[in-house]
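Structure first, then comments.
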Amino acid sequence: MEIKLIDHPEWKRSALIWFIFSAIQFLGAYYYQSFFFLLAGIFALATGIQLFTKMTDLTYLTLRNEILTIHLRRFPFGKKNIHLQEIDKVEVIFEKEILFRLKNGQKIKLRKDWISYDDFSKMKQKLEGYTSVTFH
């Protein structure tokens, strides 16, 4: 089972900020004749385009062979694999976050508003089908 990101206004706001930043960098490259500003502008423009167009193509969660993989974690952590046996319980907090409480005391938060209601229902059903996982 694979869960992709949904179209979220946060992606569009972030893309707009990157586009503004790229314009500032291109102006700096023009006025200061700086190759560094030009490179920064190209990077910012590429980042803005990615946020604006490709975020919904990215996978957020994968559930296969009793392993939940969380993609798109903040740098430098990368993806995180969790064996379903390690999950003690799953809580939904204010309909915005999904909190996984592991048996070793560790907590892992996910953004519920980044996934669709249907995908969340499917994930919940699969996790509840596994006997040791409870939702609260």
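The values are calculated or read from the model by the stated rules, or taken from the named source; none is laboratory data. Just so it is clear, the model here is predicted, and its values are computed rather than measured. Counting neighbours? That spans all protein chains shown, and the Cβs are built from the backbone with ideal geometry, glycine included.
Restrict the check to segment 45-58 and report whether at least one residue is under 18 Å from I6 (Cβ atoms), β-branched (V, I, T) and in a loop (DSSP other than H, G, I, E, B). Checking segment 45-58: not a single residue is under 18 Å from I6 (Cβ atoms), β-branched (V, I, T) and in a loop (DSSP other than H, G, I, E, B). Against the numbered list (1) under 29 Å from I17 (Cα atoms); (2) exposed (fewer than 14 other Cβ atoms within 10 Å of the Cβ); (3) of a type outside the set (F, W, Y); (4) at pLDDT below 90, G129 comes up short only at (1). Count of segment 88-132 residues, restricted to those that are closer than 19 Å to E2 by Cα and β-branched (V, I, T), is 4.
Please go through segment 3-31 and give me each residue that is β-branched (V, I, T) and over 30 Å from I70 (Cβ atoms), ordered by number. Quick ask: steps written out before the conclusion?
Let us first name the residues in segment 3-31 that are β-branched (V, I, T), namely 3, 6, 17, 20, 24.
The answer is I20, I24.
Among the residues making up segment 1-52, those that are surrounded by fewer than 16 Cβ atoms within 10 Å (Cβ to Cβ) and touching a strand residue (DSSP E or B) at 6+ places or on another chain (Cβ under 8 Å) are M1, E2.
Yes or no: segment 62-78 includes at least one residue that is loosely packed, with under 14 Cβ neighbours inside 10 Å, touching a residue at least 24 places away in the same chain (Cβ under 8 Å) and either under 21 Å from Q125 (Cβ atoms) or charged (D, E, K, R) (or both). Yes - at least one qualifying residue is present in segment 62-78.
Scanning for something within 17 Å of E10 (Cα to Cα), under 15 Å from the mean Cα position of the chain (by Cα), at pLDDT below 85 and β-branched (V, I, T), does segment 36-56 turn up at least one residue? Yes, segment 36-56 contains at least one residue that is within 17 Å of E10 (Cα to Cα), under 15 Å from the mean Cα position of the chain (by Cα), at pLDDT below 85 and β-branched (V, I, T). On the given criteria, is L5 farther than 26 Å from D119 by Cβ, in contact (Cβ under 8 Å) with a residue 24 or more places away in the chain and touching a helix residue (DSSP H, G or I) at 6+ places or on another chain (Cβ under 8 Å)? So L5 does not fit the description; no. Within segment 22-34, is even one residue of a type in the set (A, V, I, L, M, F, W, C), at pLDDT below 90 and either closer than 30 Å to Y117 by Cβ or not assigned by TED's automatic domain parsing to the domain that holds S121 (or both)? Taking every residue of segment 22-34 in turn, none turns out to be of a type in the set (A, V, I, L, M, F, W, C), at pLDDT below 90 and either closer than 30 Å to Y117 by Cβ or not assigned by TED's automatic domain parsing to the domain that holds S121 (or both).
Consider segment 81-126 and keep the residues that are among the aromatic types (F, W, Y) and under 17 Å from the mean Cα position of the chain (by Cα). The one that is surrounded by the fewest Cβ atoms within 10 Å (Cβ to Cβ) is Y117.
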